[in-house]
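Here's the structure we're looking at; comments come further down.
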Amino acid sequence: MKYLVFAAACLGVLPLAFLLSRSRRWLRVAFAGVVAAMCLWNATSISFFVEEGYRGTSRGLDVSLAWLASFVLLFALAFARRLRGGLLPDAGSRLYLLYALLCLPSFTAAESVPFAFFEIWTMAMLLVFYAAVVNYLRATDDVRTVLAALAVFAVANFLAVVRGHVAGVYQPHGVFPHQNSMAVAMHLFGCLFLAGYLAHGLCTRFGRLCALAFLCAAAATARSYSRMAIALMPLGYGIAYLACVVRVRPRRWFARSVPLALAGIVALAVMLPRFVERFENAPKESGSTRVELARCAWEMIRDEPLRGVGLNNWGIKINPPYEYAERAGRIHNWGEDYRDALVETVYLLTAAECGIPALIALLAWFGWYWALCIRLLRRLRGRPEAFVPAGLLGGLTIAYAQSCFEWVFRQPLNLVCLMLCYALLSHLARREPALPGPSDSARISA
C-alpha cells in the first residue's frame with residue numbers, strides 16, 4: 001500500500017507544483033508541506049532494494065516525502081518564474097557538490113557499488129532540497145515562515161519525545177531514528193531559538209514562539225540522555241548567548257536572561273540524578289569500542305588514503321575476509337552472522353570510506369557556513385536578523401563538535417535540518433546589503 005501511495009505522489013508532483021505556483025500564499029503552503037514531511041519522516045519514507053541485515057549508513061535506496069515536497073516547491077517556483085539561484089545557488093552548495101564528486105572515486109574500491117550508490121542518491125536529493133529552500137527564500141524573502149516552520153518542527157519533536165516518555169521509553173528519539181540524532185538537530189534549533197528569544201522577548205508572537213521552541217528543543221536534548229549532547233550543551237548555548245548579547249545587542253537582554261537562569265536551575269535540579277546515573281552507569285565497553293573502531297578506520301585510511309574503501313562499504317570491509325579489524329587489534333568471535341558497528345565519528349568514517357580529499361571537502365563545506373555565521377554577525381550587528389547567525393554559530397559549533405563522536409551527519413533527516421540552517425544563512429548573506437535599516441527588519445517579528 002505504501003508503494004502505491006508513493007507512486008501516486010510521484011505522479012502528482014508536476015500538477016501540484018503548477019497549482020501551487022499560482023500565488024505567493026500557495027508557495028508558502030508548498031514550503032509548509034516540506035516541513036510537515038520532516039515531522040513525519042519515519043512514516044513517509046520508503047526504501048527500495050533493502051538489505052535489512054546491513055550495518056552501514058544506508059541500507060537501501062531511500063525515498064522520502066520530503067524529497068517529493070522539495071521537487072514540488074522547486075517546480076512551483078520554476079512555473080512561477082521565481083527561480084533565483086538554480087541548483088547551485090552559492091559557494092557552499094558548490095563545496096557540497098565537490099564533496100559528493102570526491103566521493104565518486106571510492107566506487108572503484110567498493111565491494112558493493114549499489115551500497116555506494118545509495119549514499120550518492122541521498123546526496124543528490126539533499127542538494128535538490130537545499131536548492132528548493134534557498135530559491136524559495138530568494139523568491140519570497142519569507143524568512144519569518146521558515147523560522148516559524150522550524151519552531152513548529154522543534155515543538156512537534158518534543159511532543160513525540162513526551163509520547164515516548166509516557167510509553168516508558170528510557171531514551172526517546174522523537175521524530176528521529178535515534179536519540180543521538182535528535183540531540184544534534186535539537187542543538188541546532190535550540191541555540192537558534194535561544195538567540196531569537198533574547199532578541200525579541202515575549203512581547204511579540206514571534207518572540208513567544210522562539211521561547212517555546214527553545215524550551216522544547218532543550219528539554220528534548222536533555223531527555224535524550226545522550227552523554228555527549230548533555231556535556232556539550234553549555235558550549236553551544238553559551239556561544240549563542242554571548243554572540244546574541246554582543247552582536248544583536250537587545251535592549252532588555254538581562255531581564256530576559258533571568259527567567260532562563262531560573263528555568264535552567266529548576267531543570268538541572270530535577271534531572272541531575274538521572275544525568276549522574278547516565279554517566280556513572282554507562283557501559284565501559286562503549287568507550288573502548290569507539291577507540292577500537294577509530295583504529296580500524298585508521299587502518300583503512302592507511303591502505304586507501306586517496307579513494308577510501310568504498311562509500312557506504314564500511315559494513316562490509318570491517319568484517320571478514322577483510323583484516324582491518326584484526327590489524328587494529330579488535331578481536332571477536334567471528335561468526336558467520338557477525339556484523340560490526342560503524343565508527344562513531346563522521347570525520348573518520350568519511351576518510352575511511354572516501355579518502356582524505358573527500359574529508360577535506362567535507363570540512364571545507366562545514367567550515368564555509370561556520371565562517372559565514374561570523375561574517376553575518378559583523379554585517380548585521382545591531383539588527384534583529386543577527387540572532388540567526390548568532391544562534392547558529394553556537395548550534396553549528398556544538399553539532400560539529402558532537403560529530404567527532406557521532407556519525408549522525410550521514411543520516412538524511414539530520415542533514416535536512418542542517419541544510420535548512422545553511423539555507424537561512426545563505427539567504428541572509430545575499431539579501432543583507434539591501435536591508436534599509438533596523439526598523440524595516442522588524443517585519444521578522446511582526
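The values are calculated or read from the model by the stated rules, or taken from the named source; none is laboratory data. Computed from a prediction, not measured in an experiment: that's the story for all the values here. A quick note on method: Cβ atoms are made from the backbone with ideal geometry, for glycine too, and the neighbour counts reach across all protein chains shown. For the accessible areas, the whole protein counts, side chains as well, though only heavy atoms, and no ligand, DNA or RNA atoms are used. Shrake-Rupley method; radii C 1.70, N 1.55, O 1.52, S 1.80 Å.
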>> Kindly evaluate Glu344 against the criterion of being among the acidic types (Asp, Glu), closer than 27 Å to Gly60 by Cα and not in a helix (DSSP H, G or I).
In response: yes
Of the residues in segment 252-291 that are closer than 25 Å to His200 by Cβ and of a type in the set (Gly, Ala, Ser), the one that is modelled with the lowest pLDDT is Ala267
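Looking only at segment 1-11, count every residue that is out of contact with any strand residue (DSSP E or B) (no Cβ under 8 Å at 6 or more places or on another chain), part of a helix (DSSP H, G or I) and not β-branched (Val, Ile, Thr) and tell me the total.
Total meeting the criteria: 6.
What about Leu260, is it surrounded by 13 or more Cβ atoms within 10 Å (Cβ to Cβ), within 23 Å of the chain's Cα centre (by Cα) and assigned to a helix (DSSP H, G or I)? Let's see the steps before the verdict.
On the way: surrounded by 13 or more Cβ atoms within 10 Å (Cβ to Cβ): yes; within 23 Å of the chain's Cα centre (by Cα): no; assigned to a helix (DSSP H, G or I): yes.
No; evaluated as a whole, the condition is false for this residue.
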Of the candidates Arg94, Arg163, the one satisfying the condition of being without any contact (Cβ under 8 Å) to a residue 24 or more places away in the chain, in contact with a Leu (Cβ under 8 Å, 6 or more places away or on another chain) and assigned to a helix (DSSP H, G or I) is Arg94
**Request:** Go through the residues of segment 192-210 one by one and say whether even a single one is farther than 24 Å from Phe405 by Cβ, at pLDDT below 90 and open to solvent by 50 Å² or more (accessible area, probe 1.4 Å).
**Result:** yes
A careful count of residues in segment 404-418 that are farther than 14 Å from Pro177 by Cα and surrounded by 21 or more Cβ atoms within 10 Å (Cβ to Cβ) gives 1
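Within segment 356-375, identify whether any single residue is modelled with pLDDT of 90 or more, among the charged types (D, E, K, R) and open to solvent by 20 Å² or more (accessible area, probe 1.4 Å), and answer yes or no.
Yes, because at least one residue in segment 356-375 is modelled with pLDDT of 90 or more, among the charged types (D, E, K, R) and open to solvent by 20 Å² or more (accessible area, probe 1.4 Å).
Of the residues that sit in segment 376-403 and are polar (S, T, N, Q) and farther than 18 Å from Gly196 by Cβ, which one is surrounded by the fewest Cβ atoms within 10 Å (Cβ to Cβ)?
Looking only at segment 376-403, we keep the residues that are polar (S, T, N, Q), and these are 397, 402-403.
Applying the additional criterion that residues be farther than 18 Å from Gly196 by Cβ yields 402-403.
Working: Gln402: 24, Ser403: 22.
Looking at the filtered set, the residue picked out is Ser403.
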Checked against (1) over 23 Å from Phe366 (Cβ atoms); (2) free of Cβ contacts under 8 Å to residues at least 60 places away in the same chain, Pro114 satisfies every condition except (2)
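Name the residue that is surrounded by the most Cβ atoms within 10 Å (Cβ to Cβ), counting only residues in segment 229-257 that are over 20 Å from Ser181 (Cβ atoms) and of a type in the set (Gly, Ala, Ser). Even if it seems obvious, please write down each step before you answer.
Within segment 229-257, the first condition is being over 20 Å from Ser181 (Cβ atoms), and the residues that meet it are 234, 238-257.
Now drop any that are not of a type in the set (Gly, Ala, Ser), which leaves 238, 240, 243, 255, 257.
Values: Gly238: 14, Ala240: 31, Ala243: 25, Ala255: 10, Ser257: 15.
Step by step, filter segment 229-257, then rank; the result is Ala240.
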Cβ pairs under 7 Å, 6+ apart or interchain, first in segment 361-375 and closer than 14 Å to Cys103 by Cβ, second buried (at least 19 other Cβ atoms within 10 Å of the Cβ) and among the polar types (S, T, N, Q), ordered by first then second residue, are Leu362/Thr350
I'd like to know if segment 130-141 contains one or more residues that are out of contact with any Gly (no Cβ under 8 Å at 6 or more places or on another chain), part of a loop (DSSP other than H, G, I, E, B) and open to solvent by 20 Å² or more (accessible area, probe 1.4 Å). yes
Taking the criterion of being under 23 Å from Ala269 (Cα atoms) and over 17 Å from the mean Cα position of the chain (by Cα), would at least one residue in segment 172-181 satisfy it? yes
Going by the structure shown, is Tyr225 modelled with pLDDT under 90 and at positive phi? yes
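May I ask you to verify whether Arg430 is modelled with pLDDT under 95 and closer than 22 Å to Met300 by Cβ?
Working: modelled with pLDDT under 95: yes; closer than 22 Å to Met300 by Cβ: no.
Judged against the criteria, Arg430 is not a match.
Under the condition of being charged (D, E, K, R) and assigned to a helix (DSSP H, G or I), which residue from segment 24-66 is least open to solvent (accessible area, probe 1.4 Å)? Step through it out loud before you land on a result.
If we filter segment 24-66 for residues that are charged (D, E, K, R), which is where we start, we get 24-25, 28, 51-52, 55, 59, 62.
Still in the list and also assigned to a helix (DSSP H, G or I): 24-25, 28.
Details: Arg24: 105, Arg25: 172, Arg28: 90 Å².
Top of the filtered list is Arg28.
Could you please let me know if Ala69 is under 26 Å from the mean Cα position of the chain (by Cα), farther than 29 Å from Glu344 by Cβ, assigned to a helix (DSSP H, G or I) and small (Gly, Ala, Ser)?
Numbers: under 26 Å from the mean Cα position of the chain (by Cα): yes; farther than 29 Å from Glu344 by Cβ: yes; assigned to a helix (DSSP H, G or I): yes; small (Gly, Ala, Ser): yes.
Here the answer is yes, as Ala69 does meet what is asked.
What number of residues within segment 12-21 satisfy the criterion of being part of a loop (DSSP other than H, G, I, E, B) and either of a type in the set (A, V, I, L, M) or in contact (Cβ under 8 Å) with a residue 12 or more places away in the chain (or both)? Write out each step before concluding.
The first filter runs over segment 12-21 and keeps only residues part of a loop (DSSP other than H, G, I, E, B), leaving 12, 21.
Subsequent filtering for residues that are either of a type in the set (A, V, I, L, M) or in contact (Cβ under 8 Å) with a residue 12 or more places away in the chain (or both) retains 21.
Here the count works out to 1.
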Discussion item. Against the condition modelled with pLDDT of 80 or more and farther than 22 Å from Phe405 by Cβ, how does Glu299 come out, does it pass?
Written reply: no
Out of (1) without any contact (Cβ under 8 Å) to a residue 12 or more places away in the chain; (2) open to solvent by less than 20 Å² (accessible area, probe 1.4 Å), the one Cys216 does not meet is (1)
When Ser226 is run through (1) under 23 Å from Gln179 (Cα atoms); (2) in contact (Cβ under 8 Å) with a residue 60 or more places away in the chain; (3) buried (at least 21 other Cβ atoms within 10 Å of the Cβ), the failure sits at (2)
